[in-house]
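Visitor: There's a structure below that I have some questions on.
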Amino acid sequence: MKTTALNAETQFAEINNNKIAYRQFGNGAPLFFVNRFRGIMDTWDPLFLDSLAEKNTVILFDYPGIGSSEGELPLNIVEVASTVPALADHLGIDKFNVLGWSYGGLVAQAVTFQNQDRVLNTILIGTNPPGENEIPIEQVFFDHALKPINDLEDEYYLFFEPSSEKSRQAAREFHERIGQRLERSLIPSTMEVFQRYIAGSGTMREDKLNFRDGYKTLKSPVLVISGDHDISFATENWFPLLKNAPTMQHIILNDAGHGPQHQHPELTAGYINLFLG
């Protein structure tokens, strides 16, 4: 039987004295998926994952203290990012690609800048660059994101464009796809854990390691994918950086929100496969 997002076995790696949950499937160069605020392995769209697994070895994992992993989510994103090369070492992988969504996009950028000799390509979805950005998170994001449990109505606002019926229909289809395997009790639900994510995001905003300037000299290619109305990480915050990031490309999807890869899973995977190919 073919291994897919819905039947891939959960395995564990001993990293920093914690058991870190991960899954691996597909064929091709290793592609690490770095998750969003409150995200676990099963909050990725299985159609998006399977579309990418056709040409890449998909590697999912849960952060320390999140989902099925032991430990505690670090307060500094650079420390969170250290999980990726450590898991690569466990799997015997030298060089790899990294894909991060939302909070995971911040983590993926830390992975890239801290491991420039190992990261081949970086894909950033629904996220922002390090440092200070002009457009803040909209209040509607906090109104929905900080609830103990999110339902389909919350997902309309958090990941899609609620004013668009096309986007709302895509949200309903996405909700059904991830529901096939998702164990919602594993999703972080307490303010204590939320604050650890928020603290980590703050360390990237401070940007003490000057990652933002690092884009001027970064050698490896970066693909940014955004929805045209992202209530969490405004798409427009990338614009001042683009002329100073020579290896960066930016794709913006119309009538889409914070999770364009869930509204257009196969289209987005196609862009990514083309970029990596």
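Visitor: With a 1.4 Å probe and every protein chain kept in, tell me what percent of the accessible surface of the chain is carbon plus sulfur.
Guide: 49 percent
Visitor: Under a 1.4 Å probe, what is the accessible area of the chain per residue, stated in Å²?
Guide: That works out to 42 Å² for each residue.
Visitor: If packing is taken as the average number of other Cβ atoms within 10 Å across a peptide's residues, how do 99-109, 52-62, 3-13, 218-228 rank, most packed first?
Guide: For the peptides 99-109, 52-62, 3-13, 218-228, the packing ranking is 99-109, 52-62, 218-228, 3-13.
Visitor: For residue 18, what charge total do you get from the other residues with a beta carbon under 14 Å from its beta carbon, if Lys and Arg give +1 and Asp and Glu give -1?
Guide: In short, -4.
Visitor: Sticking with this structure for a sec: For the chain, what's the relative contact order in percent, using C-alpha pairs closer than 8 Å and at least 6 residues apart?
Guide: 22 percent.
Visitor: Could you work out the local net charge near residue 50, counting Lys and Arg as +1, Asp and Glu as -1, over the other residues with Cβ closer than 14 Å to its Cβ?
Guide: After counting each charged neighbour, the total is +1.
Visitor: A follow-up question, please. Over 31 Å between Cα atoms: which of 2/95; 19/147; 19/55; 147/219 fall into that group?
Guide: In this structure, 147/219 exceed 31 Å between Cα atoms.
Visitor: Taking N as the number of residues in the range 1-114, what value does Rg over Cα atoms divided by 2.2 N^0.38 Å take?
Guide: Ratio of Rg to 2.2 N^0.38 Å for the range 1-114: 0.97.
Visitor: Next question, about the same structure. Rounded to the nearest 500 deg cm²/dmol, what is the calculated helix-only ellipticity per residue at 222 nm for the chain, with -39500 (n - 2.57) per DSSP H run of length n ≥ 4?
Guide: Only helices count here, giving -10000 deg cm²/dmol.
The values are calculated or read from the model by the stated rules, or taken from the named source; none is laboratory data. Only a predicted model underlies this, so the values are computations on that prediction, with no experimental measurement involved. Cβ coordinates were reconstructed from backbone atoms using ideal geometry, including for glycine residues, and neighbour counts include every protein chain displayed. Remember, those area values only see protein heavy atoms, side chains included, never the ligands or the DNA or RNA. Shrake-Rupley method; radii C 1.70, N 1.55, O 1.52, S 1.80 Å.
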